[in-house]
1. Along the charge dipole of the stretch 8-176, Cβ charges K/R +1 and D/E -1, which of Gly50, Leu140, Val68 sits furthest on the positive end?
2. Within straight cross-link reach of Lys37, meaning Cα distance under 29 Å, which lysines are found once same-chain residues fewer than 8 apart are removed?
3. Pairs of alpha-carbon atoms within less than 8 angstrom and 6+ residues apart define the contacts here; what relative contact order does the chain have, in percent?
4. Could you work out the relative contact order of the stretch 37-103, using alpha carbon pairs under 8 angstrom and six or more residues apart, expressed as a whole percent?
5. List the aspartates and glutamates whose Cα lies under 12 Å from the Cα of Lys207, skipping any in the same chain that are fewer than 8 positions away.
6. Any idea which of Leu319, Ser229, Ile252 is furthest toward the positive side of the dipole for the stretch 179-375, if Lys and Arg beta-carbons carry +1 and Asp and Glu beta-carbons -1?
7. Size of the dipole of the chain about the Cα centre, Lys and Arg at +1 and Asp and Glu at -1 on the beta carbon, nothing else charged, in debye to 20?
8. Springs between alpha-carbon pairs under 10 angstrom, Gaussian network model over the chain: which of Ala109, Ala365, Ala156 fluctuates most?
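No lab work stands behind these numbers, since they all come straight from the coordinates. Since the model is a prediction, treat every value here as computed from it, not as a measurement. Backbone-built Cβ (ideal geometry, glycine too); neighbour counts: all protein chains shown.
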Amino acid sequence: MKSILITPVVTKNERKTFIDFPFDLYKDDHAWVPPLKGEALGLITPEKNGWFSHAKAQLFLAHEDGRVVGRIAAHIDTLGLTMPAEQGFGPGVGQWGLMEAEREEIFRALLADAEAWLRSQGMKQALGPISMSIWEEPGLLTQGFDHSPTIMMGHARPDYRGWIERAGYHKAKQLLTFDLDITREFPKIVQRIVKSGEANPRIRIRKVDKRRFDEEAAIILEILNDAWSDNWGFIPLTPPEIRDVGVKLKPIVFNDLIRIAELDGKPVAFMITLPDLNEVIKPFNGNLLPFNWAKLLWWLRAPKAETMRVPLMGVVKELQASRMASQLAFMMIEYIRRAAVANYGAWRAEIGWILEDNQGMLSIAEAIEGRVNKTYQIYRKSL
C-alpha cells in the first residue's frame, strides 16, 4: 500500500501548488470551469481576502510517491461562532472545503488532518464543504454534473458524495439552483402582478448607478444583512469583504442588470444579476496571459452572454411573507429579464442558490417556471 503524506501549506509556492492541483484532476471533465489562477490564489491569501479579517484557515496537501494527489482547507469563521446554533453555524462549529482528491483513501487522510486541526482549535462540529465563506462556493454538487456551473458556483466529481457520507457526515442543508428560459414571457398571473405594481405610485424599481458604486453597494448591503439575517447559514458580510468583492465584481456590474426597489422612497429590496463570466473564461485554462486578458477586456466593452446568474436577492424583513414582497420580486425579475434578452443576447438564467426550505423563494422560482438544474449539499459531523 502506498504511503500518503499530509503536509500543511506554509509557503507561497505551496499555495500555488494548492491552486494548481485541480487543473490536472479535472482536465478531462468538460463541465469543469478552470478558475482564473490569480483570483483563486487571492481567495486563500489572507492579505487579499477580506473574509480573513474575521476568519482563519489551515490548508493541507496530500503527497504520494513525491506527487501531489489531494488538497483540503480547514477554517473557522469567528463571526459564524457568534450566530444562533439553529441557523447552522454557532459556537464550536468549524468548516472545511476546497477539497479535491484522486482517491477515497487520500480524501480520508486529508479529512482526518482537517478535522484534527478543527479539534485543536476547540471546534466540536464540522460543516463542509464550504469554500471558504458561505458567500463564495458552499456545498457539494450532487446533481447537475453534465453542464458547467455559472459564475461563483462550484463543480465536483460525482464520487465525492459517497466519500463524504462514508466518512460519517450527514446532510445539514440542501441548496438548489433553478434554470429558466428568459426568452419566454412569464405566466399571465405574473404579468398581471407586474402591471399592478407599475400602477402603484408607491413603488419605484430603479437601476443601480455604477458611478455611485460605493453608495449603491452600501444600500444593497444594508438590505441584504437585514433580509437574510434569519436564514440558515447566514453570516453578515463585513466591509472588508464588500471591498474585495466589489473589486472583483465591479467590471461585470451593469446598471440595467441590478435593480433596487423603493417603497415610498425607501430602498426595501434588491436583485443582483451577473452575466455568466464562466462562458468567457472557460477556454482560458486559468491564465490571462499571454492574450486572454485582451479577450476579456474586449468582452467587457460590450458583453454578450447566453446565461445570466441571479446570485442574490433580498427584501427587508418587515415586508417578508407579504404580497408586496412577491410583487417587488416579480417586478425586478421581469425588468432584468427584458434587459438581459434585449441588451446582452441572453436566453437563459440561473437563479440561486436557494435553501431547500425557503418557501418564499421556491414559490417565486416555480411561479416563473424555473426548474431545478443543480443541487448542492452541505454536510455536518460531530467531532
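1. It is Gly50, whose Cα lies furthest towards the positive end.
2. Lys12, Lys16, Lys27, Lys48, Lys56, Lys210, Lys248, Lys250, Lys282, Lys295, Lys304, Lys374
3. Relative CO of the chain lands at 23 percent.
4. Across the stretch 37-103, relative contact order equals 25 percent.
5. Here the aspartates and glutamates satisfying the reach criterion relative to Lys207 are Glu216, Asp256, Glu262.
6. Going by the charge dipole, the pick is Ile252.
7. Dipole about the Cα centre, nearest 20: 600 debye.
8. Ala109
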